[in-house]
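Following: one structure in structure tokens, then a few remarks.
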Amino acid sequence: MMKSNIPNKYSIDKPIKHRTFLINGKIGTWNGDVVDVVSTLFTENDSDELTVIGSTPKMDEDHALMALDSADKAFGNGTGKWPTMKVYERIRCMEKFVSKMLLKRDEVVKLLMWEIGKNLKDSEKEFDRTVDYINETINEYKKIDRDGAIFQNNGGVRALIRRGPLGVVLCLGPYNYPLNETFALLIPAIIMGNTAIFKPAKHGVLLIAPLLEAFKVSFPPGVVNIVFGRGREIASPIMKTGKINVLALIGHSSSANSLQKLHPQQNRLRLVLGLEAKNPAIILDDANMDLTIDECINGSLSYNGQRCTAIKIIYVNEKIKNEFLEKFSQKVDELRLGMPWENTLLTPLPEPNKPAYIKALIDDAVKKGAKIINKRGGKMKKNYVYPAILYPVKNNMDVYKEEQFGPVIPVVSFSDIEEPIKYMADSNYGQQVSVFGNDETKIGPLIDSLVNLVCRVNLNSSCQRGPDVYPFTGRKDSAVATLSVHDALRSFSIRTFVASKDNESNKEILRKLIDNKKSNFVRTDYYL
Ligand code: G3H
């Protein structure tokens, strides 16, 4: 696309040379090496060069450890200002942050499109959903605080039980939801009283820059520290110190495993992880064909299949296989591929090397007997990759097991429902499944098995994370801990309580603590 065809509102006139970071409440300037931020969107005459839209700091181990030190001091082994602060004061900080974040919507949305190629509608949705998530988290935290404002008295012991923070959190998010998924970790972590070091993912980095100031002015020094650079140079040295109490990571299990191993005292490390998935769609012979096809298209191809919840393999009943493949191929071939602001479902893939990987998956499957079913399947021009439907996919093909995280859709036909069930039982992953069908006598027993193989069974709809109030988790290698507005607050905290023998003198102390408001923990008031 020529520069002149880019709407003014979305064009980047000159590269954004971002050089700042946030450590200990100060925005510092980085004078060392930088990393170019390249966009895979076509610009200027289809030249072979990727478009450099800016650069970000390639920070080093010293700065990583400075950020850690700052977070560690702010937590102060649980005695710091932030973890001991009144709940409503932490809530006020968060409200201030969200009001400042809202002012940056246009900037962040534009960068989401350029950096990760997400279409306009979904980029706006990512921003708005994140703001909603923060507001819902504030409300949920008030509820949790309210529930903790009641004394219990059992077996002669009086107790006030609340949820307390865990410590210093290292927060690493994914490139496909660089704002939403990262903040869905960071926000509950800090509101519970933890302190954090946050390093943006490999792609979707510049879009965090406009928010540094909002973090700086909203939270006390050291509560949120934001550094830029490679995982190896930033996250690894931090983990080796043993000072991290929670590793919060959404991304690949290889990163999670290697970071986890670096911690010298693993029992101190809590994990909150969202990892790979290979969610199947199972299409029964009485499925509503039009609805199934629409859901399979959205499920497998929204944001080009680069969602952990995407449908990544389709099992279709042998009896309706031909009709499904024909109609599905036709609809997929009608999809438009364009620039993000054109709001097409398909957009360029942000990882420069992704097309080669997708091609390798297709070639491997074709070599082993699969066919590309749709006419436009697998056509590529730079990072514009047209989705390929592959059939028949067999268990010796890479695409059968690997999480493709991109526009290729393996299809398997089955005559016995035990076949997809066995696939799921043998899989390393266990996040979600979609079941399409209408006969309750078939669906009932199927659901009863599937709920124990994954953590969400979607009936006649594609897989997805939302609404964010519902639990988002997975079995096996797909996740550790549960996220949702409510569950994330639990995942980033631990139950801790004050207990006293039920006698007059203790009662008197508790009464005075409450009446004279001497403790931020022992109190029975709450915030509306
Ligand atoms: O990449 C994984 C995301 O959590 C998926 O969320 O289902 O809302 O796209 P989504």
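The values are calculated or read from the model by the stated rules, or taken from the named source; none is laboratory data. This is a predicted model, so every value here is computed, not measured. Cβ sites come from the backbone with ideal geometry, for glycine too, and all protein chains shown count toward neighbours. With ligands, DNA and RNA removed, areas are computed over all heavy atoms of the protein, side chains included. Shrake-Rupley method; radii C 1.70, N 1.55, O 1.52, S 1.80 Å.
I want to confirm something. Restricting to the stretch 229-252 and keeping residues that are open to solvent by 20 Å² or more (accessible area, probe 1.4 Å) and within 16 Å of the ligand (Cβ to nearest atom), which single residue is nearest to Thr20 (Cα to Cα)?
Among them, the one singled out is Gly251.
If a residue must be open to solvent by less than 20 Å² (accessible area, probe 1.4 Å), among the aliphatic types (A, V, I, L, M) and within 15 Å of Leu212 (Cα to Cα), how many such residues does the stretch 17-39 contain?
2
Is it the case, given these coordinates, that Ile311 is within 16 Å of the ligand (Cβ to nearest atom) and over 27 Å from Val37 (Cβ atoms)? Steps first, answer last, please.
On the way: within 16 Å of the ligand (Cβ to nearest atom): yes; over 27 Å from Val37 (Cβ atoms): yes.
In short, yes.
To keep it simple, each residue is scored yes or no on (1) more than 21 Å from Asp416 (Cα to Cα); (2) under 24 Å from the mean Cα position of the chain (by Cα).
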{"site": "Ser255", "(1), (2)": "yes, yes"}
{"site": "Arg268", "(1), (2)": "yes, yes"}
{"site": "Lys278", "(1), (2)": "no, yes"}
{"site": "Met289", "(1), (2)": "no, no"}
{"site": "Ile293", "(1), (2)": "yes, no"}
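Which residue pairs have Cβ atoms under 8 Å apart, sit 6 or more places apart or on different chains, and have a first residue in the stretch 259-287 that is touching a residue at least 60 places away in the same chain (Cβ under 8 Å) and a second that is of a type in the set (D, E, K, R) and open to solvent by less than 40 Å² (accessible area, probe 1.4 Å)?
Sorted first by the residue in the stretch 259-287, then by its partner, the pairs are Gly274/Glu181; Glu276/Glu403; Ala277/Lys312; Ala277/Glu403; Lys278/Lys312; Lys278/Glu403; Asn279/Lys312; Pro280/Lys312.
What's the number of the condition Asn304 fails, among (1) within 18 Å of Asn460 (Cα to Cα); (2) surrounded by 21 or more Cβ atoms within 10 Å (Cβ to Cβ)?
Condition (1) is where Asn304 drops out.
Just give me the residues in the stretch 278-296 being surrounded by fewer than 23 Cβ atoms within 10 Å (Cβ to Cβ) and either away from the ligand (no atom under 16 Å from the Cβ) or more than 30 Å from Leu249 (Cβ to Cβ) (or both), in sequence order.
Correct list: Leu284, Asp285, Asp286, Asn288, Met289, Asp290, Leu291, Ile293, Asp294.
Does Leu102 fit the bill of being open to solvent by 70 Å² or more (accessible area, probe 1.4 Å) and in contact (Cβ under 8 Å) with a residue 24 or more places away in the chain?
Values: open to solvent by 70 Å² or more (accessible area, probe 1.4 Å): yes; in contact (Cβ under 8 Å) with a residue 24 or more places away in the chain: yes.
Yes: the conditions hold for Leu102.
Take the stretch 161-189 and flag every residue that is of a type in the set (Phe, Trp, Tyr) and open to solvent by 10 Å² or more (accessible area, probe 1.4 Å). I'd like the intermediate steps shown before the answer.
Applying the first criterion (of a type in the set (Phe, Trp, Tyr)) to the stretch 161-189 yields 175, 177, 183.
Tyr175, Tyr177, listed by residue number.
Just checking, does the stretch 371-394 include any residue being part of a helix (DSSP H, G or I) and surrounded by 21 or more Cβ atoms within 10 Å (Cβ to Cβ)? If you could, list the steps in order and put the result at the bottom.
The initial filter retains those residues of the stretch 371-394 that are part of a helix (DSSP H, G or I), namely none.
Looking through the stretch 371-394, none of the residues is part of a helix (DSSP H, G or I) and surrounded by 21 or more Cβ atoms within 10 Å (Cβ to Cβ).
What number of residues in the stretch 307-349 are in contact with a Gly (Cβ under 6 Å, 6 or more places away or on another chain), surrounded by fewer than 23 Cβ atoms within 10 Å (Cβ to Cβ) and closer than 15 Å to Ile409 by Cβ?
0
Is there a residue being more than 13 Å from the ligand (Cβ to nearest atom) and either out of contact with any Ser or Thr (no Cβ under 9 Å at 6 or more places or on another chain) or β-branched (Val, Ile, Thr) (or both) anywhere in the stretch 471-479? If you could, list the steps in order and put the result at the bottom.
Of the stretch 471-479, the ones more than 13 Å from the ligand (Cβ to nearest atom) are 475-477.
After this cut, where a residue has to be either out of contact with any Ser or Thr (no Cβ under 9 Å at 6 or more places or on another chain) or β-branched (Val, Ile, Thr) (or both) as well, the list is 475.
Yes.
Is it the case that the stretch 420-427 has a residue that's buried (at least 20 other Cβ atoms within 10 Å of the Cβ) and outside any helix (DSSP H, G or I)? Can you show your working first?
Filtering the stretch 420-427 down to residues buried (at least 20 other Cβ atoms within 10 Å of the Cβ) leaves 420, 423-424, 427.
With the extra rule that they be outside any helix (DSSP H, G or I), the set shrinks to 427.
The answer is yes; a qualifying residue exists.
Scan the stretch 155-182 residue by residue and report those that are within 30 Å of Lys354 (Cα to Cα) and either within 16 Å of the ligand (Cβ to nearest atom) or among the β-branched types (Val, Ile, Thr) (or both). Break it down into steps so the answer makes sense when it comes.
Of the residues in the stretch 155-182, the ones within 30 Å of Lys354 (Cα to Cα) are 170-182.
Cys171, Leu172, Gly173, Pro174, Tyr175, Asn176, Tyr177, Pro178, Leu179, Asn180, Glu181, Thr182, listed by residue number.
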